[in-house]
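What follows is a single structure, written as structure tokens, with notes after it.
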Amino acid sequence: MSQTKVSICIPVYNSAAYLNTAIESALSQNYSNFEILILDDCSSDGSADIAASYAAKDSRIRFIRNIPNLGMVANWNRCLELADGEYIKFLFGDDLLISDNNLKLLAGTLDNHPNVTLACSFRTIIDRNGTKMAVRGFTPTNGVVSGKQAIRDCLTTARNFIGEPSVVMFRKRQATRGFLPDYKQIVDMEMWFHLLLQGDIWCEREPLAAFRHHPEQQTVINVGELVHLKEILHLYDNYLHASGIKLPKLLESALYYVQCYRVWKGYKKHSVFGSTEAKEIISRYINIVLFKRLIPVYKLLNPLWKLLLSVRGHNPLTR
């Protein structure tokens, strides 16, 4: 038998309310050479029963329940480890594929463009009831974008324009390192950077997947705890000096300052960080006395920066 071309990896944790929809969207694809790998991470809401019932009816579906609970990132990495496919297509248990051509288009892109290491599409943002909230993407037309340029643009705005795991497809052999466990909130963006250092990105303008936004998801909890602020600084440390990613020194310093200010605001306004922790984080990048002196300058210039992003549609790749 020929190798499985695409593994649709569905890492699950308490997704019973949405899991049927996710699995059905995968089964409806106009593409034949795929498997569905569902890894339940000790759900307590009946997700495992739903997954097991589908696996019992369809030989394309493999269901595994982790014992004990591995946690989000470790479960993603186990998906990578156990997947048989040449290409990896993540689909979260609360998301769905909204185009029956999702696999056909993204796998076809990887087939036809050996230099592309990450294929993605626009995505529709939906709420817990499936109501459309927005459509997001980061290129004006279909086509290839330099991977390193995509990294630079995401770093410059500290935003993941590429999208969530349910939006992308990539080659398993180029992701064997796995997702890094020292990230919680932007773990996906860091992996995209890892892949894009190896090649380019293809951006499909048609929305092929839907990302569900609801209060129970881990990313919403992380944002409330401002987990991403420290992680963005960590991402800068790892990638601003990577081969081919070099930015002007003044811009690099400004990027670090912006994130340090957000840490400071997290202490002063939201009380997420204590005074000692905030000062310790900031002092790694700038003298704390100089940092405080520059706050009025930052407040003066920040509206101009926000206006620039607004004019460009919050998207540097639409220039």
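The values are calculated or read from the model by the stated rules, or taken from the named source; none is laboratory data. What you see is a predicted model, and the numbers here were worked out from it, not measured in a lab. Using ideal geometry, Cβ is built from the backbone for each residue, glycine included, and neighbour counts are taken over all protein chains shown.
In table form, for the structure just shown:
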read-out: Asp49 over 23 Å from Ala210 (Cα atoms), in contact (Cβ under 8 Å) with a residue 40 or more places away in the chain and exposed (fewer than 15 other Cβ atoms within 10 Å of the Cβ); value: no
read-out: Test: residue in segment 134-147 that is in a strand (DSSP E or B) and touching a Pro at 6+ places or on another chain (Cβ under 6 Å); value: yes
read-out: Residue match in segment 18-31 (condition: modelled with pLDDT of 95 or more, buried (at least 23 other Cβ atoms within 10 Å of the Cβ) and part of a strand (DSSP E or B)); value: no
read-out: Test: residue in segment 214-222 that is at pLDDT below 90, of a type in the set (Asp, Glu), over 30 Å from Gly143 (Cα atoms) and surrounded by fewer than 13 Cβ atoms within 10 Å (Cβ to Cβ); value: yes
read-out: Condition check for Ile245: within 25 Å of Phe90 (Cα to Cα), modelled with pLDDT of 90 or more and β-branched (Val, Ile, Thr); value: no
read-out: Residues of segment 42-69 classified as closer than 16 Å to Ala83 by Cα, in a loop (DSSP other than H, G, I, E, B) and either of a type in the set (Val, Ile, Thr) or within 27 Å of the chain's Cα centre (by Cα) (or both), total; value: 2
read-out: Lone unmet requirement of (1) within 20 Å of the chain's Cα centre (by Cα); (2) in a loop (DSSP other than H, G, I, E, B); (3) not hydrophobic (A, V, I, L, M, F, W, C) for Asn75; value: (2)
read-out: Complete set of residues in segment 276-306 that are in contact with a helix residue (DSSP H, G or I) (Cβ under 6 Å, 6 or more places away or on another chain) and farther than 15 Å from Leu255 by Cα; value: Ala278, Lys279, Ile288
read-out: Index of the failed condition, Asn129 passing every other in (1) more than 28 Å from Arg60 (Cβ to Cβ); (2) assigned to a strand (DSSP E or B); value: (2)
read-out: Whichever residue in segment 52-74 is in contact with a Leu (Cβ under 9 Å, 6 or more places away or on another chain) and closer than 16 Å to Ile8 by Cβ and, among such residues, is surrounded by the fewest Cβ atoms within 10 Å (Cβ to Cβ); value: Asp58
read-out: Output for segment 239-255, where each listed residue is part of a helix (DSSP H, G or I) and either surrounded by 14 or more Cβ atoms within 10 Å (Cβ to Cβ) or touching a His at 6+ places or on another chain (Cβ under 8 Å) (or both); value: Tyr239, Glu252, Ala254, Leu255
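So that you can scan it fast, the table gives a plain yes or no per residue for (1) under 19 Å from Met169 (Cβ atoms); (2) among the acidic types (Asp, Glu):
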| site | (1), (2) |
| --- | --- |
| Pro11 | yes, no |
| Asn30 | yes, no |
| Leu39 | yes, no |
| Ala51 | no, no |
| Ala56 | no, no |
| Asn66 | no, no |
| Ala74 | no, no |
| Asn77 | yes, no |
| Glu81 | yes, yes |
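To keep it simple, each residue is scored yes or no on (1) surrounded by fewer than 19 Cβ atoms within 10 Å (Cβ to Cβ); (2) without any contact (Cβ under 8 Å) to a residue 60 or more places away in the chain; (3) small (Gly, Ala, Ser).
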| position | (1), (2), (3) |
| --- | --- |
| Trp76 | no, no, no |
| Cys79 | no, no, no |
| Ala83 | no, no, yes |
| Lys89 | no, no, no |
| Leu96 | no, no, no |
| Leu103 | no, no, no |
| Ala107 | no, no, yes |
| Arg123 | no, no, no |
| Arg128 | yes, no, no |
